[in-house]
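What follows is a short report on a single structure.
The values are calculated or read from the model by the stated rules, or taken from the named source; none is laboratory data. Please read these numbers as outputs of a predicted model, since none were measured by experiment. Methodologically, a virtual Cβ is constructed for each residue, glycine included, from the backbone with ideal geometry; neighbour enumeration extends over all protein chains shown.
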Amino acid sequence: MNDVTITATSKVVPSQLVTNNQLSKIMDTSDEWIRKRTGIETRHLSNDKNTSELALEVGKKLLNQVSWPVTDLDLIIVATMSPDYLTPSVSAQIQGKLKAQNAVAFDLSAACSGFSYALSVARSMLLANNWHKALVIGAEVLSKLLDWHDRSTAVLFGDGAGGVILETRAEKHFLGQDLRTFGELGNQLTAGHTKTNGVLKDNTFSYTPFQMNGREVYRFATHEVPRSIQTACRQANLELNQVDHFLLHQANSRIIEHVAKRLKQPLDKFPINISEYGNTAAASEAILLAECVEKGIIKKGETFALSGFGGGLTCATIIFKY
Ligand code: ACO
């Protein structure tokens with residue numbers, strides 16, 4: 001087996017849908033500001049379910065789509081920046097609950113690039129180890145990391161999970177990739193800084209909420225995403241015009257419009273669902289992919305780019321033939 005393909009896609013979002021107008025009642029913001037600056041109209045927010053519960057639901061939905069037993073699963077990777085615990089990982093939690101006892105399971109932390117990073121890592125591990133089946137999930141409950149008094153971040157994010165099953169195949173599907181990390185820009189977007197506690201001193205436990213320099217991340221995304229897509233296309237030996245769909249991380253519809261313009265590609269090749277979900281970080285590309293497959297937007301044999309960007313800072317594009 002030389003490559004991997006996607007044999008199932010799925011998504012799950014919490015049932016609670018929160019509108020911009022609802023947020024404007026608890027903070028100094030407006031539907032008009034949020035819509036105009038980001039394209040977001042609503043977001044699904046979790047009251048009770050944590051990240052592993054959303055990931056588990058996606059895992060079950062994915063496994064329902066295949067004909068082999070869960071014990072055939074070799075690998076589980078969950079990309080997340082909002083795990084239930086620092087340990088055990090979300091992946092280990094769901095491995096136990098799915099009874100996927102033959103699967104190696106670990107989480108991957110690359111914020112909004114996490115799903116693309118995880119696809120790349122999963123493919124490499126399947127091929128290197130002569131394994132055959134992987135569950136790759138992006139899952140987030142970002143609402144628990146948000147400072148609900150900070151309008152500059154609180155209005156942007158949503159909760160949800162999406163994922164795929166990857167299986168090895170003889171023919172080529174994974175055509176190219178470009179993964180980058182810009183660690184010197186890490187302080188532009190941070191969440192969950194755990195403080196040192198000293199020894200026998202202060203017994204308090206705390207973490208910092210989500211903080212972002214929106215303008216800098218915007219500049220980063222509009223510069224790096226087009227470059228990353230072009231690099232991955234070159235590696236795939238494809239012209240941009242030969243890519244049927246560009247599935248970008250859903251952080252801001254203006255970023256997506258900017259990238260389409262920079263690449264001189266029509267905007268209708270860039271599916272956008274941020275209006276309903278907001279920014280769901282590592283879950284965003286996976287939710288969008290599942291929707292595009294469900295709605296028949298991506299058809300068998302078509303080529304798509306998955307491109308994520310965000311905390312780290314990181315940026316990652318995968319070119320895939322479905
Ligand atoms: N409602 C009303 N006004 C607001 C709000 C709000 N929710 N938030 C900020 N403002 C105000 C600001 O205070 C500022 O007011 P001032 O001009 O009086 O100072 C004004 O609106 C403009 O603020 P900016 O931050 O400059 O607005 P900008 O146009 O840059 O939009 C945004 C902000 C939407 C965050 C944009 O910068 C962006 O999308 N950045 C990229 C984010 C991103 O891509 N993140 C991806 C990674 S996420 C991850 O990795 C998890």
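Does the range 172-193 contain at least one residue that is free of Cβ contacts under 8 Å to residues at least 60 places away in the same chain, part of a loop (DSSP other than H, G, I, E, B) and under 30 Å from VAL293 (Cα atoms)?
Pass one, the range 172-193, residues free of Cβ contacts under 8 Å to residues at least 60 places away in the same chain: 184, 187, 193.
So of that shortlist, the ones also part of a loop (DSSP other than H, G, I, E, B) come out as 193.
If we keep only those that are under 30 Å from VAL293 (Cα atoms) too, we end up with none.
Looking for residues that are free of Cβ contacts under 8 Å to residues at least 60 places away in the same chain, part of a loop (DSSP other than H, G, I, E, B) and under 30 Å from VAL293 (Cα atoms), one finds none in the range 172-193, hence no.
Select, from PHE309, PHE270, the only residue that is buried (at least 18 other Cβ atoms within 10 Å of the Cβ), aromatic (Phe, Trp, Tyr) and more than 24 Å from GLY192 (Cα to Cα). Working first, answer last.
Numbers: PHE309 fails: more than 24 Å from GLY192 (Cα to Cα).
Selected residue: PHE270, the only one of PHE309, PHE270 that is buried (at least 18 other Cβ atoms within 10 Å of the Cβ), aromatic (Phe, Trp, Tyr) and more than 24 Å from GLY192 (Cα to Cα).
Does GLU276 fit the bill of being crowded, with 16+ Cβ neighbours inside 10 Å and within 13 Å of SER10 (Cα to Cα)?
Numbers: crowded, with 16+ Cβ neighbours inside 10 Å: yes; within 13 Å of SER10 (Cα to Cα): no.
When the stated conditions are applied, GLU276 does not pass them.
The rows are residues; the columns are (1) touching a residue at least 60 places away in the same chain (Cβ under 8 Å); (2) touching a Lys or Arg at 6+ places or on another chain (Cβ under 7 Å).
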{"residue": "GLU32", "(1), (2)": "no, no"}
{"residue": "GLU41", "(1), (2)": "yes, yes"}
{"residue": "LYS49", "(1), (2)": "yes, no"}
{"residue": "LEU62", "(1), (2)": "yes, no"}
{"residue": "ALA79", "(1), (2)": "yes, no"}
{"residue": "ASP84", "(1), (2)": "no, no"}
{"residue": "VAL90", "(1), (2)": "no, no"}
{"residue": "ILE94", "(1), (2)": "no, no"}
{"residue": "ALA110", "(1), (2)": "yes, no"}
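I need the full set of residues from the range 194-239 which are of a type outside the set (A, V, I, L, M), assigned to a helix (DSSP H, G or I) and more than 16 Å from the ligand (Cβ to nearest atom), in order please.
Start the filter on the range 194-239 by keeping residues that are of a type outside the set (A, V, I, L, M), which leaves 194-198, 201-211, 213-216, 218-220, 222-224, 226-228, 230-231, 233-235, 237, 239.
Then keep just the ones that are assigned to a helix (DSSP H, G or I); that gives 214-216, 218-220, 222-224, 226-228, 230-231, 233-235.
Those that are of a type outside the set (A, V, I, L, M), assigned to a helix (DSSP H, G or I) and more than 16 Å from the ligand (Cβ to nearest atom): GLN230, THR231, CYS233, ARG234, GLN235.
So which residues in the range 254-299 are of a type in the set (Gly, Ala, Ser) and not in a helix (DSSP H, G or I)?
Keep residues of the range 254-299 that are of a type in the set (Gly, Ala, Ser), which gives 260, 275, 278, 281-284, 286, 290, 296.
Across the range 254-299, the qualifying residues are GLY278, GLY296.
Can you name the residue in the range 101-122 that is within 15 Å of the ligand (Cβ to nearest atom) and assigned to a loop (DSSP other than H, G, I, E, B) and, of all such residues, is surrounded by the most Cβ atoms within 10 Å (Cβ to Cβ)?
Restricting to residues being within 15 Å of the ligand (Cβ to nearest atom) and assigned to a loop (DSSP other than H, G, I, E, B), the top hit is ALA110.
Of the residues ILE274, ILE297, which is more than 15 Å from the ligand (Cβ to nearest atom) and either modelled with pLDDT of 95 or more or in contact with an Asp or Glu (Cβ under 7 Å, 6 or more places away or on another chain) (or both)?
On the way: ILE274 fails: more than 15 Å from the ligand (Cβ to nearest atom).
Matching residue, one of ILE274, ILE297: ILE297.
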